[in-house]
Amino acid sequence: MEIIQHYFSWQFKLFSRSIRHFGLPPVVGYALLALVVMVLPAVLWPQKTYFPWLYLAAGVLAMNPFRSDGRNEFLKICYSKREFLLLRTVENLLLVLPFSLVLLIRRQFLLALGLLIIAFFRGITANWNRKRMNLPALPTPFSKRPFEFAIGFRVSFPLILFLYYVVLMAVIHDNFNLGIVATYVVFITCMVYYCQMEPEYYVWLHDAQPKQFLFQKLKTAAIYAFSLVVVPIVALSVFFPKYIGFLVLAVLMGLLNLTVVILLRYTEFPKPFHIGDVMLLAACVICPIYPPLALLPIPLTFYLFGKAKKNLNNYL
């Protein structure tokens, strides 16, 4: 218990420091997070039948920033194997606890239980390493350059398969809302691929101006992301032809949000994302759900492009 108390006291201080870095008092930052996680579902849940699945995906994605190889290797140095697995399991369960509680309150018992099981499994398998287990690399349709999709696809492959299964169930049960949410979550998964900051020399290697570099990144991300959603798009278009307009809108919003996360990545490169960036991305993700925010990514794209281009002048 002493190790757990020390670890989470340390994490709390780091998180509070990130909120201060964003320019907010920690109390305000925590209140805003609670507002997004707990209060927003109360407003949107009755209006959107597919919201429970989107909320489940949000809970799963909330664990991803804490799974980076560098962070895990550092923790393995500081703690024994048993302590490391215990801390990662407890950390995952705490991260998804607010999402599970909301699901329970809304009587989504299976989704709440499933989220806790996923968190527990990710914790006890945090020490798994493909190289140490001598497992072959999972083939991907993506090239090593850029690396984001090649690495991200291998990590998220089970989730992608699950989302395809959800689309299949949406077609079988004549539920377009479920299918379009699964398609949109594929885009959110692609956004997570870009949340880990790349080393500086990965940028130095490019013989291009900042504008060309950014356009190439955005072009590659759009093509690769579309290749992952083309199967759900075709299936939903064939079986729900009268809803093609909504499907096109979801794809456009997904591509816009992917653009925002890539540009945001380079606005303060090589510094990692802070709590303010996460809150901004969360606002972009819920844009299609909450109409007043629907236009947010468009002006944000132009603003972030200029800022990212200016920052990259120091590296290209």
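The values are calculated or read from the model by the stated rules, or taken from the named source; none is laboratory data. What you see is a predicted model, and the numbers here were worked out from it, not measured in a lab. Every residue, glycine among them, receives a Cβ derived from its backbone with ideal geometry; neighbour counts consider all protein chains shown. SASA here: full protein model, heavy atoms, side chains in, ligands and nucleic acids out. Shrake-Rupley method; radii C 1.70, N 1.55, O 1.52, S 1.80 Å.
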Rounded to the nearest 500, what is the 222 nm mean residue ellipticity of the chain from helices alone, with -39500 (n - 2.57) per DSSP H run of 4+ residues and division by all residues?
-24000 deg cm²/dmol
Roughly speaking, what is the stretch gain from Val231 to Leu161, that is 0.36 nm per residue apart minus the C-alpha to C-alpha distance, in nm to one decimal?
24.1 nm
Which value, in Å² and to the nearest 10, is the accessible area of His173 when all protein chains are kept and the probe is 1.4 Å?
130 Å²
Cross-link pairs Lys211/Lys309; Lys219/Lys271; Lys13/Lys76 - those with Cα-Cα distance over 18 Å:
Lys219/Lys271; Lys13/Lys76
What figure, in Å² to the nearest 10, do you get for the accessible area of Asp277 with a 1.4 Å probe and non-protein molecules left out?
20 Å²
Stretch Leu32-Lys76 to full length: gain in nm at 0.36 nm per residue minus the Cα-Cα span?
12.6 nm
With all protein chains present, how much of the accessible area of segment 2-124 (probe radius 1.4 Å) comes from carbon and sulfur, to the nearest whole percent?
70 percent
For the chain, rounded, prolate or oblate, judged on the Cα gyration tensor with a ≥ b ≥ c (square roots of eigenvalues), a/c < 1.5 rounded, else prolate if a/b > b/c?
rounded
In terms of solvent-accessible area of protein heavy atoms at a 1.4 angstrom probe, what is the ranking of Tyr30, Tyr55, highest value first?
Tyr30, Tyr55
Let me know the shape class of segment 2-124, please: from the alpha-carbon gyration tensor, a ≥ b ≥ c as square roots of the eigenvalues, rounded when a/c is under 1.5, otherwise prolate if a/b is greater than b/c, or oblate.
oblate
Using only alpha carbon pairs under 8 Å that are at least six residues apart, calculate the relative contact order of segment 148-312 and give it in whole percent.
26 percent
Of Leu113, Leu256, Leu281, the one that fluctuates the most in a GNM where the chain has Cα springs shorter than 10 Å:
Leu113
Glu2/Thr125 FRET efficiency (R0 25 Å; Cβ-Cβ; nearest 0.05):
0.50
Segment 143-299, accessible surface, carbon-and-sulfur percent (1.4 angstrom probe):
71 percent
Given a 1.4 angstrom probe, what's the average accessible area per residue across the chain, in square angstrom?
55 Å²
Förster-model FRET efficiency, 22 Å R0, Glu198 and Ile223, C-beta, rounded to 0.05:
0.70
